[in-house]
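The structure under discussion appears below in the form of structure tokens.
Coordinate-derived values only; no laboratory data. Keep in mind it's a predicted model, so treat the numbers as computed, not measured. Note that we place each Cβ from the backbone using ideal geometry, even for glycine, and neighbour counts take in every protein chain shown.
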Amino acid sequence: MSDLVREDAYQAAHAALLYAVAAEFAAGALRFIDAGLDEGGAVLVSAPGPEIIFLRARMNGRADQVDWTDITRIGANPGRIIPFLRSFAGDHAGQPVRCLQDLGWAARSVAGQCEAVRHEALVNLAFAAVPVRVLCAYDSARLDPGIVRSAGSTHPVLVREGRAGPSPAYGAGLVPEECDRPLPVPPDGAATLAYRADLAAPRAFAARHAAGFGLPADRVADLVLAVGELAANTIRHTDQGGVLSIWTAGNELVCQVQDSGHITDPLAGRHRPPADAGGGHGLWLVHQVCDLVESRSGPGGTVVRVHVRLHP
């Protein structure tokens, strides 16, 4: 049995493959993929296009047995990845399921990198009772050293140079402290609106400012949908109202909703409620229509910040 497959000894569903050269990536990734195919399981590779091309060319005729997905499409907002993996696992119920993912963090913004780290920590909670194995590739020669270090605290098993072992820094599913701090306050020039019981006002406010900043009409509609869902949660779950703030940062329109509510489910928005569920769809919809979603919540209140690119 290969050293990579020895992760079974630690009963790990989530491991990080740390590599410095392409040959290490190929060896570790292909062992993981081949082991899944050999056991008759379903295998998903979710990575940037160049990595997919690289691996497909080395599959020895087995590439068509694997599902391939460009992570830059479904994972630009890391909050969409867990629902995607859950859907894949549900489509292959009764089979062993494996997913190799490479989040390609080198191209992410600082906020996007932080949310990707949070995603990695939440994978441990999302699949604690689901028979899914996830191997995450980290290019230690290309990525920021802090991102590579974070793999140790978000993955119970690390794979280096073909050998698997438990990570001494693993935080038992906890989000690393540096990615769980309160979000910085909006800039001084942000437009703000206090609201309490009227959804029309925050929706109109968002639409007016988004159009004024040059957001395309179809994305204005998406932003208004997201703001409406967040404001509805404020009205439904609090009695003190909320504050909506909007500003631009580089190529992004940023919109924040802050209220006194407390979201106790760390996976809120990362699982799609059944169609007949009485609630819980709001945050899931927000993740689907926004390019990035940041959320911080505690007994003192909740802040949800969404990002939409002004120019694709």
- Query: Packing-wise, with mean Cβ within 10 Å as the measure, how do 253-262, 163-172 rank, highest first?
  - Reply: 253-262, 163-172
- Message: Can you compute the charge dipole magnitude of the chain about its Cα centre, using +1 on each Lys and Arg Cβ and -1 on each Asp and Glu Cβ, nothing else charged? Give it in debye, rounded to the nearest 20.
- Response: 200 debye
- Per-peptide average of other Cβ atoms within 10 Å, ordering 300-310, 75-85 highest first: 75-85, 300-310
- Item | Under 11 Å, Cβ to Cβ, from residue 179 - net charge with Lys/Arg +1 and Asp/Glu -1 | -3
- Over every pair of different alpha-carbon atoms in the stretch 4-179, take the mean of 1/r and invert it; report that Kirkwood radius in Å. 15.9 Å
- Task: Whole number please: convex hull volume per residue, Cα atoms of the stretch 191-309, in Å³.
- Result: 101 Å³
- Based only on Cα atoms, what Rg/Rh ratio does the stretch 18-107 have, Rh being taken as Kirkwood's radius? 0.95
- proj_area_mean for the chain (convex hull on C-alpha atoms), units nm², value 16.6 nm²
- Query: Ratio of the stretch 82-220's C-alpha Rg to 2.2 N^0.38 Å, to two decimals?
  - Reply: 1.38
